[in-house]
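The values are calculated or read from the model by the stated rules, or taken from the named source; none is laboratory data. The structure displayed is predicted, hence computed values, not measured ones. Cβ: placed from backbone, ideal geometry, glycine included. Neighbour counts: every protein chain shown. The area values use the complete protein model at the heavy-atom level, side chains included, leaving out ligands, DNA and RNA. Shrake-Rupley method; radii C 1.70, N 1.55, O 1.52, S 1.80 Å.
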Amino acid sequence: MVTLLADTNALRHPGLKAYLQASRDHAIALSDLMLVEMRKTRALSTSRESLQIVAHYPQQSYALRRTHEMLGEKITSAEQSHVLFDYEATAHLTDLSRRLLTLPPPAGLAKEMAQLEADAQLIVARLTEEVAALEPGLVSAAQDFTPAELTQIRTMKDVTDSTRRKLLDLLKETTGGFILQNQEPRRRAPMLLRDTIGQFAFRYSLCMLLYYMEWVRIGRQTGKRLPLRVNDVVDMQVAAMGTYFNGVLSADRNLQIVSNTARGVLRGFGAYVGEDWRLPRPPQETDDANGDASLIDPS
C-alpha cells in the first residue's frame, strides 16, 4: 500500500482525488497535529470542507496515533510502520467526515465541533509556548554550519565525514533534549544511534533542525510571527511522520524541502525510510503550467 501524509492544503486539492481514484492501494494518513491545525478556527466549516475527501474515500483514509502515544516506537521496516495507525481514531474520523456532509446536520454535531475547536486552541497555545522557548537554541545550532556544509546537507551530495559527524552530534543533543522533556524525563543512561534513529524524537528533531538550517541558508530572520511558526512546527511533524511512509502530499514548498532532505539524511545514516512515491506527471504539463494546478510531488 502506498501511504502519503497529507497536510491541510492537500486535503482540498483536486489532485488528491485523482491519486486515490488511481488505485485502491493508494491511501492518505492524517496526523493528530494536522487535525488540530484544521480545527483551531471555524472547526465546523473548515472540517466540512477539508474532510470531504475522507468521506468519499473512507477505506483509503487513516488517522495516525497521537504523537505522545507512539514516542517509544522504534520503526525499522515497512511492516512495523503499521503500528502508527490508530484504527479506532480512523473509524471516528471517517464517521465524523460522513456526518459533516449530512443534511440536515445531525443533532449534537455543532456542539461536538465546538469542543474540538476549543481543544485545538489549547494545544496550539501550548505549542506556541514551546516554539518560543525552542527557537533560539535551534537557530544557534543551525548557525554553527558553514554555507558549504548547509549545501552538502541540503543536496546530500559530496557530504564530508566532518559534516556528517557534526550533524550527527547535534542531532544526538537535540534528540536527547526532546526525549528528556517529552518521553523519559528520568532517563540518565546514554542512547545509542541504532536505538533512536527509528524513533519519532530523532526524526522530528532532524526535521526541526533542517527547517532552521534552511532559514540560515537563505538568510531569513527570526521575526516570523509565532502563530505562523506554530504552523511550521505542525508541518515538521508531518515531514517526520512521512519518513515512515512513502512521502508527503503538500503544495507547501518549505515542507517539501525539509521532507526530501530528511529522507536523504536518514538513508545516509542507514535508517529505514519508506520507499519514495511520486505523482505521475500529466502528459500535457508544460513549463508554463500554473504551479497551483497540481500538488507538488511528494518527497
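Side notes on the structure shown:
- Inter-probe distance in nm under a simple model that places probes 7 Å from Cα toward Cβ, at residue 109 and residue 66: 2.5
- Modelled this way, with points 7 Å down the Cα-to-C-beta line, the labels at residue 23 and residue 102 are 3.5 nm from one another.
- Across 267, 42, 278, the residue with the most accessible area heads the list, and the full order at a 1.4 Å probe is 42, 278, 267.
- Extension gain for residue 132-residue 41 works out to 30.6 nm (0.36 nm per residue, less the C-alpha to C-alpha distance).
- Taken over the alpha carbons of segment 58-142 as equal point scatterers, the Debye sum produces base-10 log I(q)/I(0) values at 0.17 Å⁻¹ of -0.97.
- Relative contact order of segment 38-113: 40 percent, from C-alpha pairs under 8 Å at least 6 residues apart in sequence.
- Cα convex hull of segment 93-141 - mean projected area over all directions, nm²: 4.8
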